[in-house]
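Comments concern the structure below.
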Amino acid sequence: MTTKMWWLSTFLVWVLIVALLSGSCARGGVGDKAALEKEKPEYGGIITLGVTADPSAFDDAIQPQAYCATLAYTHEDLLTGDWTKGKAGGYGTGECDFTASSNNRLKYATGCLAETWEIKGRDTIVLHIRKGVKWHNKPPTNGRELTADDVVFSLKRQCTLPTAYFKRTYPKAAATTEISATDPYTVVIKCTPENFVDVVTVMLDFMKIYPRDAIEQFGDMNNPKNSIGSGPFMLTEFVPSSAASYVRNPDYWGKNPIGPGKGDQIPYVDGVKVLNLGDESAIHAAFRTGQLDRVSADWEQAQEYLRMPQLKHIRYIPDSGQACIYMRTDKKDSPFADKRVRQALWLAIDNKRVVDDYYGGNAVLLKWPITPVKEFMDIYVPLDQMPKSVQELFEYNPEKAKQLLAEAGYPNGFKAKIICYNSRVYLDPLQMVKDMWAKVGVELEIQPKDWGTFTSLSIRRAYDEMMFGGYAGAGTYLKAINYTGPGMYNGSYVNDPVLNKARDEMAAAYPDEAKVAEIHRQMLPYLLEQAYVIALPAPYYYTFWWPWLKNYNGELSLGYYNGGLRYAWIDQELKNSMLSK
């Protein structure tokens, strides 16, 4: 066990960036309403954050949005998460924590660039574009109004550009969906019923909207100097391996919908500064001295901050949890094609030891294919409510593992290879697994890869035996992409008629989210019992912030990869007084 561990909730590098923007208030709370009424939001100040890596791209039609961290500040979707359904500084309904970066459930959504929307049957979506939204005042767009033409152009680009996530991941939907503008403020999306789910969940709250004239001039938006969006902040400077600077968009359309600042134009702060400090030790040093306004921490790092009563903090599990062990179940001559072997490998892992010794008890056992996130608890099934056959898989039983291996024709075990990213967050847990599997005769060879090689192999699923990689977040539950279909997240190449049927039933039931949740809950015991994926425990993570960061309750994302800083403000007087002590 290492003395200092860091965290990746998936194998995507964006988590290293957005993890620093995560959480929900669990201590040092919002106080009573009378006290809150006195805290009228103030304008001014800069929110400063620290990260360990630069964004890989600046255009989500060039690389998936997960790689494009700047877009959460500068660009917007058609829909977004409803701030009033979170804590909202103590005035919201509290239905959401907004810690799930993939929360695209319609019942928690509100209009963004589309002020309202209509779903007509399972083949038509009508979007009523918000009037008066202006693009950032940069050439060639020069602050003109956003129109339906921009929306149509942006969505069609995602359907046709070979590098676009939607085109690559949902080729049938991309090829058959028709998008048109009936007037300057109305967009109509027509799709086939079988692609309805993909269109609603990806086009409405996932794809960023860009100005048509800017893309036609620049070719794409992947140069940060060309960043033009409609979001609350404008990217003014990006220095690789150093910093990204954003300033307040003075023409932003958004208003504060709730609390003592209701009706205020947002954002409140003058800007955001994101410093690439290179490593976590530098980030924590900067946070301790008040140079950063908030910080993300694993359970070991959190112990120091938990002893600092002046800080506010949360504890949460990211919605895509820790990485999983995938196996090539599609190869009939492979041991992993046999359920008994897969179950044996799971039984040979002492999950309790991983939780207690590696994560200090700060972890949950059951986290795949969906973690226990507040907004998805009607879909999640706790382990103690699972059948005994599923609960047993999480219990350490090497003798039964040996028995199953013998029944499957491997009385002496076998050799196996697994690829992973060359970092301790992958290597440490895998080394524990390797030692445990050796006790039942399975000799595991760990093959660490550099980041570029690993991501290429995982995206293409180009590995011969096993991979230790990430999985799709909770918001993908109704599409079942973690265990069906040809996508990158179906890392075990699962093709199970029972699961395919459940996926199709969920798609047919959507947008009835209650019915979808019931189908999902009924399917989960079967899925886990098959042991297609061996999911190691998911550790809790923490976010801490200084009390001068107001109207902030730890929101990671308002909807799908959308920033939440537009409502936050800096109490300059409090900050100055605390830093002067």
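The values are calculated or read from the model by the stated rules, or taken from the named source; none is laboratory data. Since the model is a prediction, treat every value here as computed from it, not as a measurement. Neighbour counts are summed over all protein chains in view; Cβ atoms, including those assigned to glycine, are modelled from backbone coordinates with ideal geometry. Note: accessible area is taken over every heavy atom of the protein model, side chains too, but ligands, DNA and RNA are not part of it. Shrake-Rupley method; radii C 1.70, N 1.55, O 1.52, S 1.80 Å.
General remarks:
- When the residues of the stretch 520-564 are filtered to those that are in a loop (DSSP other than H, G, I, E, B) and of a type in the set (S, T, N, Q), the one that is most open to solvent (accessible area, probe 1.4 Å) is Asn551.
- Filter pass, Asp82 being closer than 24 Å to Ala568 by Cβ, at pLDDT below 95 and open to solvent by less than 50 Å² (accessible area, probe 1.4 Å): no
- Single condition Val295 does not satisfy, out of (1) surrounded by fewer than 23 Cβ atoms within 10 Å (Cβ to Cβ); (2) under 30 Å from Trp569 (Cβ atoms): (1)
So that you can scan it fast, the table gives a plain yes or no per residue for (1) of a type in the set (A, V, I, L, M); (2) more than 17 Å from Ala531 (Cβ to Cβ); (3) touching a helix residue (DSSP H, G or I) at 6+ places or on another chain (Cβ under 6 Å); (4) at pLDDT below 95:
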| position | (1), (2), (3), (4) |
| --- | --- |
| Met386 | yes, no, yes, no |
| Ser389 | no, no, yes, no |
| Glu392 | no, no, no, no |
| Glu395 | no, no, no, no |
| Ala408 | yes, no, yes, no |
| Lys417 | no, yes, no, no |
| Val425 | yes, yes, no, yes |
| Asp428 | no, yes, no, yes |
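- Checking Pro267, Pro260, Pro309 one by one, the residue that is open to solvent by 50 Å² or more (accessible area, probe 1.4 Å) and in a loop (DSSP other than H, G, I, E, B) is Pro309 and no other.
- Screening Glu465 on (1) within 28 Å of Gly409 (Cβ to Cβ); (2) buried (at least 23 other Cβ atoms within 10 Å of the Cβ) shows it passes everything except condition (2).
- For first residues located in the stretch 165-180 and touching a residue at least 40 places away in the same chain (Cβ under 8 Å), partners that are part of a helix (DSSP H, G or I) and lie 6+ apart or on another chain with Cβ distances below 6 Å form the pairs Phe166/Gln158; Phe166/Ala174; Phe166/Val202.
- In this structure, Pro387 does not qualify as farther than 28 Å from Glu300 by Cα, touching a Gly at 6+ places or on another chain (Cβ under 9 Å) and not small (Gly, Ala, Ser).
- Exclusive hit being β-branched (Val, Ile, Thr), in contact with a Phe, Trp or Tyr (Cβ under 7 Å, 6 or more places away or on another chain) and either closer than 30 Å to Pro309 by Cα or surrounded by fewer than 19 Cβ atoms within 10 Å (Cβ to Cβ) (or both), set Val494, Val516, Val498: Val498
- Selection within the stretch 440-453 - open to solvent by 30 Å² or more (accessible area, probe 1.4 Å) and either assigned to a helix (DSSP H, G or I) or closer than 20 Å to Pro537 by Cα (or both): Ile446, Trp451, Gly452, Thr453
- Checking Thr236 against (1) surrounded by fewer than 18 Cβ atoms within 10 Å (Cβ to Cβ); (2) within 30 Å of Glu300 (Cβ to Cβ), the condition it does not meet: (2)
- None of Tyr170, Tyr73 is open to solvent by 10 Å² or more (accessible area, probe 1.4 Å), in contact with a helix residue (DSSP H, G or I) (Cβ under 6 Å, 6 or more places away or on another chain) and among the hydroxyl-bearing types (Ser, Thr, Tyr) except Tyr170.
- Verdict on Ile325 being open to solvent by less than 10 Å² (accessible area, probe 1.4 Å) and either touching a Phe, Trp or Tyr at 6+ places or on another chain (Cβ under 9 Å) or polar (S, T, N, Q) (or both): yes
- Among the residues of the stretch 379-394, those that are surrounded by 14 or more Cβ atoms within 10 Å (Cβ to Cβ) and not hydroxyl-bearing (Ser, Thr, Tyr) comprise Ile379, Val381, Leu383, Met386, Val390, Gln391, Glu392, Leu393, Phe394.
- Condition broken by Gly361, with the remaining ones in (1) touching a Phe, Trp or Tyr at 6+ places or on another chain (Cβ under 9 Å); (2) in a helix (DSSP H, G or I); (3) without any contact (Cβ under 8 Å) to a residue 40 or more places away in the chain satisfied: (2)
- Residue identified as surrounded by fewer than 23 Cβ atoms within 10 Å (Cβ to Cβ) and more than 23 Å from the chain's Cα centre (by Cα) among Glu95, Glu118: Glu118
- Cross-chain or 6+ apart pairs with Cβ under 6 Å, the stretch 492-503 first and without any contact (Cβ under 8 Å) to a residue 40 or more places away in the chain, then surrounded by 15 or more Cβ atoms within 10 Å (Cβ to Cβ) and polar (S, T, N, Q): Leu499/Thr484; Asn500/Thr484; Arg503/Thr484
- For the stretch 146-256, the strands (runs of 3 or more DSSP E) that sit wholly inside it and include 1 or more residues that are under 26 Å from the mean Cα position of the chain (by Cα) and small (Gly, Ala, Ser) are 243-248.
- Within the set Lys107, Lys87, the sole residue that is touching a helix residue (DSSP H, G or I) at 6+ places or on another chain (Cβ under 9 Å), among the basic types (Lys, Arg) and in contact (Cβ under 8 Å) with a residue 40 or more places away in the chain turns out to be Lys107.
- Residues in the stretch 417-439 that are over 19 Å from Tyr489 (Cβ atoms), part of a helix (DSSP H, G or I) and not aliphatic (A, V, I, L, M): Arg424, Asp428, Pro429, Gln431, Lys434, Asp435, Trp437.
- Evaluated against (1) buried (at least 23 other Cβ atoms within 10 Å of the Cβ); (2) in contact with a Leu (Cβ under 7 Å, 6 or more places away or on another chain); (3) at pLDDT 95 or above, Pro224 falls short on exactly one condition, (1).
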